[in-house]
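Below you'll find the structure, written out as structure tokens, and then a few comments.
The values are calculated or read from the model by the stated rules, or taken from the named source; none is laboratory data. Keep in mind it's a predicted model, so treat the numbers as computed, not measured. For neighbour counting, all protein chains shown are included, and Cβ atoms are generated from backbone atoms with ideal geometry for every residue, glycine included. Note: areas computed on protein heavy atoms with side chains; ligands, DNA, RNA excluded. Shrake-Rupley method; radii C 1.70, N 1.55, O 1.52, S 1.80 Å.
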Amino acid sequence: MTHDAAVLKAREIASRVLAPSAGQNDKAGRFSTEAVQWLGESGLLGLLLPAELGAGLGPRTFAVVTATLAEADASVAMVYLMHILGTATISAAPPSAAQALTPILQEIAAGRHLSTLAFSEAGSRSHFWAPLSRAHRNGDGVRISAKKSWVTSAGHAQSYVVSALAPEGTGPTDSTLYLLPAGTPGLSVAGPWDGLGLRGNASAPVVLDDCEVPSDFQLTDDGAGFPAMLNVVLPLFNLGTAAVALGLCRAAVSETTSHLKSAKFEHLGQGLGESLPTLRAQLAAMQIETDGLSARIDDLIDHLEKPRETTMLRVLETKAAAGDVAISVTSTAMRVCGGSAFSKHLSIERLFRDAHAGAVMAPTGDVLREFIAKSLLGMPLF
Ligand SMILES: Cc1cc2nc3c(=O)[nH]c(=O)nc-3n(C[C@H](O)[C@H](O)[C@H](O)COP(=O)(O)OP(=O)(O)OC[C@H]3O[C@@H](n4cnc5c(N)ncnc54)[C@H](O)[C@@H]3O)c2cc1C
């Protein structure tokens, strides 16, 4: 698959499948299984898998596809993003696990397998790098009990990439990553998902009750979960959440523009945008912020394609900035569109609610700013 073909498929799915049902799914808090099916049939679930298995594409295409999906339905874009991260982690497992994992990667490439990440725990909250759960030796494999607090696609994914402290780990970040198929005995969804935003992405809690994990479903060496989180997951997660933010901003600009064109002051014989310079100025500010975020994402992609000394700094900065921009642009859209937005006659209020997830998702915007400033000051990050 080429970059252009992948983007075209994403556009088709966004306009035919996502856009018509995003509002209803948001209202009902409904997970779109049909969106996942379309993403699978189009080959987009295997986007980053190497060419011998999947589409063989990279971060540039991933960002455009994710932003395109988010412009129509950010819940589905987040499901897609978490799947891509799960897949990247499975794909990065040591060659010793290839015999067990290759059939799963083949299922992903064939569009029949959705994966996700289950890192965050009730006890360590947004500090996902410090799981409280610990894997315990069980013959060649391990047993894990854990309370995973938010897992996107919970109950819909075919597999979960799970973190737990390594059996002999001594420090708080000495974790290992494992793959748990959805049918693993002891794995269950522990509650509903009724979020403020991203209501269609089933980010419910998941409990692991003494789950058995065979050795060939271990995705990292013992204690090497943390470096995998930093090197495999973090760059793509931060890029992907920034792309979701960009899609939300673009949707907000587009809907605000059409509202300012179509809504009228009939007593003045003028459209809203035609009549009020203050609304035009705010629309322009939204556009400037959106294009600024787009340029920032392009810069991050360039850093990921050609890694250099500043790459990790860009990874941290881009998600922190994207969370703020998405909240700012959608908040302005709420104000500009006034009562029409507030009374839910437009999709702006869904965009506004969805936009608040990015900054909360770990690493949160606050934590990223802490990391950036600490690294500038030469202080240890953990
Ligand atoms: C829609 C959605 C989907 C999610 N999907 C997944 C998923 O698929 N997998 C997964 O593993 N997790 C997922 N999460 C969990 C997410 O990544 C966070 O772990 C969780 O939202 C943080 O919860 P909390 O507010 O209780 O964290 P808390 O740690 O209680 O944070 C509270 C506040 O304190 C701030 N804070 C915390 N630590 C610091 C610090 N060191 N410096 C400065 N400020 C700090 C935070 O920024 C926040 O404002 C999801 C969350 C949401 C909302």
Nearest 20 debye, what's the magnitude of the dipole of the range 208-342 about its Cα centre given +1 on Lys and Arg Cβ and -1 on Asp and Glu Cβ?
-> 1020 debye
Send over a whole-number figure in Å² for the accessible area per residue of the range 299-359, probe 1.4 Å.
-> 42 Å²
If the label point sits 7 Å along Cα→Cβ of Asp194, residues of the range 9-46 with amide N under 18 Å come out as 25-31
Sort out for me the Cα centre separation of the range 355-371 from the range 69-129, rounded to whole Å.
-> 20 Å
How much length is gained if the chain between Ala373 and Arg112 is pulled fully straight, taking 0.36 nm per residue apart and subtracting their Cα-Cα distance, in nm to one decimal?
-> 89.7 nm
In degrees between 0 and 90, to the nearest 10, how far off the longest principal axis of the chain does helix 3-13 point, with axes built from Cα atoms?
-> 70 degrees
From the phi of every residue in the range 140-153, what ³J(HN,Hα) in whole Hz does the Karplus formula 6.51 cos²θ - 1.76 cosθ + 1.60 yield, where θ is phi - 60° and glycine or proline is x?
-> 6, x, 9, 10, 10, 10, 7, 10, 8, 7, 9, 10, 4, 6
At a probe size of 1.4 Å, how large is the accessible area of Met361, to the nearest 10 Å²?
-> 40 Å²
Asp291, Asp209, ranked by accessible area, largest first (probe 1.4 Å) = Asp209, Asp291
Sites Ala281 and Ser254 - FRET efficiency at Förster radius 25 Å, r taken between beta-carbons, to 0.05 | 0.90
Can you list the lysines whose alpha carbon is less than 29 Å from that of Lys344, not counting same-chain residues fewer than 8 positions off?
-> Lys27, Lys261, Lys264, Lys319
Sites Asp209 and Leu53, calculated FRET efficiency, Cβ-Cβ separation with R0 35 Å, nearest 0.05 = 0.60
Each label point is 7 Å from the Cα along the Cα-to-Cβ direction; what then is the distance between the points at Asp366 and Leu313, in nm?
-> 2.6 nm
Roughly how many Å² of Asp140 are accessible to a 1.4 Å probe, to the nearest 10?
-> 130 Å²
To the nearest 10 degrees, how steeply does helix 365-376 sit against the main Cα axis of the chain, on a 0 to 90 scale?
-> 70 degrees
Applying the Karplus parametrisation 6.51 cos²θ - 1.76 cosθ + 1.60 with θ = phi - 60° to the phi angles of the range 44-51, what ³J(HN,Hα) value in whole Hz is obtained for each residue in order, glycine and proline being reported as x?
-> 6, 5, x, 3, 9, 5, x, 4
Among Lys374, Lys9, what's the order by accessible area (1.4 angstrom probe), most exposed first?
-> Lys9, Lys374
For Ser343, Ser159, give the ranking by accessible area with the largest first, probe 1.4 Å.
-> Ser343, Ser159
At a probe size of 1.4 Å, how large is the accessible area of Arg369, to the nearest 10 Å²?
-> 100 Å²
Interchain or long-range residues, amide H under 5 Å from Leu187's placed H = Asp209
For Asp216 and Ser15, calculate 0.36 nm times their separation in residues minus their Cα-Cα distance, and state this gained length in nm to one decimal.
-> 68.3 nm
What size of dipole, in debye to the nearest 20, comes out for the chain about its Cα centre when the only charges are +1 on Lys and Arg C-beta atoms and -1 on Asp and Glu C-beta atoms?
-> 820 debye
Partner aspartates and glutamates for Lys9 [C-alpha distance under 17 Å; skip if fewer than 8 residues away on the same chain] | Glu34, Glu41, Glu71, Asp73
Choose one of Leu368, Ile327, Gly378: the residue whose Cα lies farthest towards the positive end of the charge dipole of the chain (beta-carbon charges +1 Lys, Arg; -1 Asp, Glu; about the Cα centre).
-> Ile327
